[in-house]
Structures are given as structure tokens and as C-alpha cells.
Amino acid sequence: MAETAASPTPAKTPADKDLAVRTSPAGVLRDAFAAGSLAGTVEISELPFLTMVGIRAAAGSDAAQRIAAVTGGLPARSGDVAGNGDTSVLWLGPAEFLVVAPTEAHESLGGSLIQSLRDALGSDAGQVVDLSANRTTFELTGPQARSVLEKGCSLDLHPRVFKAGTAYSTEIGNIPALLWKTGEESFRVFPRASFAEFLGRWLLDGMREYASPEVP
Amino acid sequence: MLLIPCPNCGPRDETEFHYGGQAHVAYPENPNELSDTEWSRYLFYRSNTKGTFAERWVHSTGCRQWFNMLRDTVSYDIQAIYPMGAPRPDRAGTTGAESGTASLAADSTTTGTAAPSTSGTSLSSTTAAPEGATK
Ligand SMILES: [Zn+2]
């Protein structure tokens, strides 16, 4: 508290104070993630506070087209990811989508994305809901990332089936989660906040074996 | 574990789904006019079919959509997947009453039938008849 009074830097805005006190759902695992990550093999980290917006709009409707103009398209079928630049739209259902954007896109930080989506929907049937606090994001990368996920996900994660740039709503470690393959060896996993610590520890447990030499 | 072919997402493990009970149980057109017995029959009485059974499922951890399934309750063989509101595919043309479902479609109350449950047991007898007719 004393430092704010003595500091010559500009006074903190209310938003800055909010950022300082917020806690991410898997924040308690930050050290464990760092300790459990194996450079060049499999690494895990949390990407906290991404902006996420739930969209509901019937495919082909005027509202869907206006929303698509904001997001850079809406995905058409299971697995598809649409989007534009750093804004991505994941397919959740025939008329349900999740927009994922950087933290700065949130309106509490001056971003206009959510309001643009609300404006696009207008008074038509559908939903634009700020879901940024609903899920957190894990990033799992490295040549063994796929085999860690395969321990608890029944989807076929082989690259001939699961292509980079696709995302599915499924179960990982027996809990519901979204799995987005962002690159050949990188995945984003979106657990709900209440499952985040469980899934984080579950993934760490799945990574442990790669810290030891392979048993022939 | 069943491997259930979701019409939106493709084959997924059974654990991603929830069961919704017997399909084609239409909501009564005039619930207020039912006797307690009739109402309890609508609420609680379901056929206990041995063989092909029409039932509802929802892909809870996937696309969250409901659909109908024809499943053999003995072999667990999944014979058909079809949309909510559609008639049973194995009985096409047999009776108009089958179009009644618990669908949320706007016209579901007008196409519904107040007594679909009795027809749920008829399939096994009709399909079994040709096999047993050789005696
Ligand atoms: Zn599905």
C-alpha cells in the first residue's frame, strides 16, 4: 500500500487493481507446472484469463452471419475452428460456439470484442455471454504431449485423424473438457474452473513417467 | 462400453452421453383432462422391451444435442440413429401415430398421440411372428 503512495508512476486505474488481485483457477499449480515440465519432451503451463465468449445462434441466420463478420467466420461442423487473427471460434454444437481471444480483448481491459458480438446479435434469438471465467486454459506442448493426453482421452489423437487446427468437446481424465490442437505438438485444454486443479494435477501425473529414462 | 455414433460428432464413448429413456412418448394434448391413472401412465409407465427399443440420448459432454436411437436391448446393437421428432425408421408407414414424440418442435403437440406407450410392445410381436410362424 505504501508503494502506491510513494510511487512516481501514474496512479493505478481500478482495472489495474483488479488484475493484481485476481487468481486463476490453476494458479496454485504454477510452481508444480514449472517443476513438472520437461523441456523438449512435454511441457505444461496455464494461459490464464483468456477472453471467452459463448455464442448461440442458428446456423445460416442473419444474426449468425453478423456474428461471423465480427469473429471472422463461424465453424460449420464438429472439430472446425474458425476465426481471424488472434480470435478463434470453436464449434461446440450445431448452434453453439466458443470465441477464444486474448486477455486484452476483454471489456474490463478496454476490449471491444464482446460488445461487438452483442451488437451483432442485436435483439435476435440467440446468446452472447461472457464466459471468460468459466474455463481456464492449459497449454500442453512437446513430442510426448499426445501420449499424455491419450492416457485419459478416448478420441483418436493420431495425427492422421486429429489435425492441427481442430478442436473437440470431449472428456479428458474423466472430466468434460475442450481439446484444441493448435499445432503438430501443441494442444490447448479448456477445463471448467472447478475442474482445473484436478485436471492440472492429472496431467502432471501423466507427464511424470517421461522424466525417467524409458524402460526398454 | 458402447461406442455411440453421435449424428453431429461421430462415434464417441458412451460415457460422453446420457440416457433419456424411451422415445416417442408424447406429451398429452390435454393433461388437465387426464385421470390420475392416465397421468401416472404417461409419467411412469414405459415399455420394457426385449429386442429393438427406441430411446433418447443426449451427447452431454459433446454437442449437447438430443437424438433418438434404435438399440437392441439384448445384443446392444445400435441399429439406427435418427433426429428428435422423426418417426421410428423401422416402422415407416405402419402408423401415423408414431410421429408423436417429446420433440420441442412447435407442432409436436398437434401431431402427438395420447397413447403411444401401448405400441411400444408391438414391434417384438410383429417382427417375431415370421420366425415363429414355421411351427
Ligand atoms: Zn455430439
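Readers should treat all values here as calculations from the given coordinates under stated rules, not as data from a laboratory. Everything numeric in this text was worked out from a predicted model, so none of it was measured. Glycine also receives a Cβ, built like all others from the backbone with ideal geometry; neighbour counts cover every protein chain displayed.
One table, with the values for the structure above:
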{"quantity": "Shielding of A:59-70 by partner chains, average beta-carbon count, 10 Å", "calculated": "0"}
{"quantity": "Relative exposure of B:39, B:66, A:91, judged by other C-beta atoms within 10 Å (fewest first)", "calculated": "B:39, B:66, A:91"}
{"quantity": "Candidates A:19, A:140, A:204: whichever shows maximal mean-square fluctuation once chain A is modelled as a Gaussian network with Cα springs under 10 Å", "calculated": "A:19"}
{"quantity": "Fewest-first ranking of A:52, B:84, using other Cβ atoms within 10 Å as the exposure measure", "calculated": "B:84, A:52"}
{"quantity": "Cα→Cβ-extended label distance, 7 Å offset, between residue B:32 and residue A:104, nm", "calculated": "6.1 nm"}
{"quantity": "Simple label model, 7 Å out from Cα along Cβ direction - residue A:194 to residue A:20, nm", "calculated": "3.2 nm"}
{"quantity": "Chain A: relative contact order in percent, alpha carbon pairs under 8 Å with at least 6 residues between", "calculated": "22 percent"}
{"quantity": "Fewest-first ranking of A:106, B:18, B:24, A:158, using other Cβ atoms within 10 Å as the exposure measure", "calculated": "A:158, B:18, A:106, B:24"}
{"quantity": "Candidates A:61, A:169, A:132, ranked by Gaussian network fluctuation over chain A, Cα under 10 Å, top entry", "calculated": "A:61"}
{"quantity": "Proximal charge balance of residue A:114 [Cβ under 9 Å; K/R count +1, D/E count -1]", "calculated": "-1"}
{"quantity": "Total formal charge among the other residues, if their Cβ is under 9 angstrom from that of residue B:20, Lys/Arg +1 and Asp/Glu -1", "calculated": "0"}
{"quantity": "All Cα pairs of chain A, percent lying beyond 27 Å", "calculated": "39 percent"}
{"quantity": "Helix-only [θ]222 nm of chain A, DSSP H runs n ≥ 4, -39500 (n - 2.57) each, per residue, nearest 500", "calculated": "-7500 deg cm²/dmol"}
{"quantity": "Trypsin sites (Lys or Arg not before Pro), loop per DSSP, at most 15 other Cβ atoms within 10 Å - longest free stretch of chain A", "calculated": "A:78-150"}
{"quantity": "Normalised contact order of segment A:84-160, rounded percent, pairs of Cα under 8 Å and 6 or more residues apart", "calculated": "12 percent"}
{"quantity": "Shielding by other protein chains, B:8-19, mean Cβ within 10 Å", "calculated": "4"}
{"quantity": "Number of partner chain Cβ atoms within 10 Å, mean per residue of B:59-65", "calculated": "6"}
{"quantity": "Spin-label pair residue A:201/residue B:44, simplified geometry with 7 Å Cα→Cβ offset, distance in nm", "calculated": "4.3 nm"}
{"quantity": "Charge context of residue A:128, other residues only, Cβ under 13 angstrom, K/R +1, D/E -1", "calculated": "-2"}
{"quantity": "Of A:161, A:70, A:128, the one that fluctuates the most in a GNM where chain A has Cα springs shorter than 10 Å", "calculated": "A:161"}
